[in-house]
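Participant: Sharing a structure here in structure tokens format.
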Amino acid sequence: MTISLVPITTDPSLSGQSHPVLIYLARLSPGSRRTLSEALELLARWSSQGRLGLWEFPWWELRYPHTAALRSRLATQYAPATVNKQLAALRGVLRECWRLGLLTAEDYHRTIDLPTVKGQRLLRGRVLSEDEINQLLAVCQREHSPAGCRDATLVGLLAGSGLRRAEVVALQMQDYEPTENRLRVRAGKGNKDRLVYVAPGADVWLERWLQLRGTQSGALLCPVNRWGQVVVRALTEQAVLHILTKRGRQAGIAAFSPHDLRRTFISNLLDAGVDVATVQKLAGHANVQTTVRYDRRDERAKRAAVTRLQIRF
């Protein structure tokens, strides 16, 4: 499908600080900022036939035929939830164009008048078993090093507190309240704060890590250099992925993502009978329907029901 090329114009009065994309992205959490920047980059490339990126593209030149064509193309290539997230980013940038006076109110409302894409896909990724989590912790423990202790703490916080990758790297020393055994997640997804609790066992690893790290203010989880010294600065999200990939390979378990540990946390709580509303709050989901999608009990009931049938040959 070809999208009509938007006229490439520039506004000489548009400075960096008044760029609609910059203003929109500034409202988002770091994790959302990265994901939605990639979505906007894609839309800019599509709309300019590959000639412009998200910062050069004249978003204020978009009109309804362009955005309708973008929606149709997205719907053919991505899952409904992904498309709706991408369209939300597009609407957000266009809203800033209107606020900056780059787009009239009438043009703005016409351009964003796009229906949401209906449908639902099965969740990607997998839930790790208790044995797999134990194997990950075991390879960390066998190392007898600050890096091993930190990595065990990382696994414990992701699988035992349900933190997102961006949230765990953003944790600061002052966010941990040992007397309450809880962590304060600041400006998580949707720019929302929430309290999460450290699971039994994970708190032991966290305390060991803090003894090695020291009490200096700064990031809770930090890099460890080649000499085994803790460097008090934040881990990157890419470093988290690298650590988990390395430990998974050492443990000999199937590949998994950082989000799979969060998925494990949510699914295990639901399996244990914790009410959905509580799980929603612990996970930091804006919509309870997002939490419900992690519930595996319905699938087990369906599988059990089918086993009652017998196809005779």
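Coordinate-derived values only; no laboratory data. Not measured: the values here are computed from a predicted model. Counting neighbours? That spans all protein chains shown, and the Cβs are built from the backbone with ideal geometry, glycine included.
Participant: Quick test of your reading of the structure: Pro80 fulfils all but one of (1) more than 30 Å from Glu299 (Cα to Cα); (2) touching a residue at least 40 places away in the same chain (Cβ under 8 Å); (3) under 21 Å from the mean Cα position of the chain (by Cα). Name the failing condition by number.
Facilitator: (1)
Participant: Related question: Looking only at the stretch 26-48, how many residues end up being assigned to a loop (DSSP other than H, G, I, E, B) and basic (Lys, Arg)? Step through it out loud before you land on a result.
Facilitator: First, pick out the residues of the stretch 26-48 that are assigned to a loop (DSSP other than H, G, I, E, B): 27-29, 48.
Next, from what is left, pick out any that are basic (Lys, Arg): 27.
Adding up the residues that qualify gives 1.
Participant: Further question on the same structure: Condition first: assigned to a loop (DSSP other than H, G, I, E, B) and in contact with a helix residue (DSSP H, G or I) (Cβ under 7 Å, 6 or more places away or on another chain). Now tell me which residues in the stretch 187-214 satisfy that.
Facilitator: Going through the stretch 187-214, the residues assigned to a loop (DSSP other than H, G, I, E, B) turn out to be 187-188, 192-193, 198-201, 214.
Within the stretch 187-214, Gly188, Val198, Ala199, Gly201 meet the criteria.
Participant: Now a separate question. Among the residues of the stretch 20-36 satisfying the criterion of being of a type in the set (Gly, Ala, Ser) and more than 24 Å from Leu103 (Cβ to Cβ), which is surrounded by the fewest Cβ atoms within 10 Å (Cβ to Cβ)?
Facilitator: Keep residues of the stretch 20-36 that are of a type in the set (Gly, Ala, Ser), which gives 26, 29, 31-32.
Applying the additional criterion that residues be more than 24 Å from Leu103 (Cβ to Cβ) yields 29, 31.
Values: Ser29: 19, Gly31: 17.
Top of the filtered list is Gly31.
Participant: Pull up the stretch 95-106, narrow it to residues that are free of Cβ contacts under 8 Å to residues at least 60 places away in the same chain and surrounded by 18 or more Cβ atoms within 10 Å (Cβ to Cβ), then point me to the one that is farthest from Ser37 (Cα to Cα).
Facilitator: The extreme case among them is Leu103.
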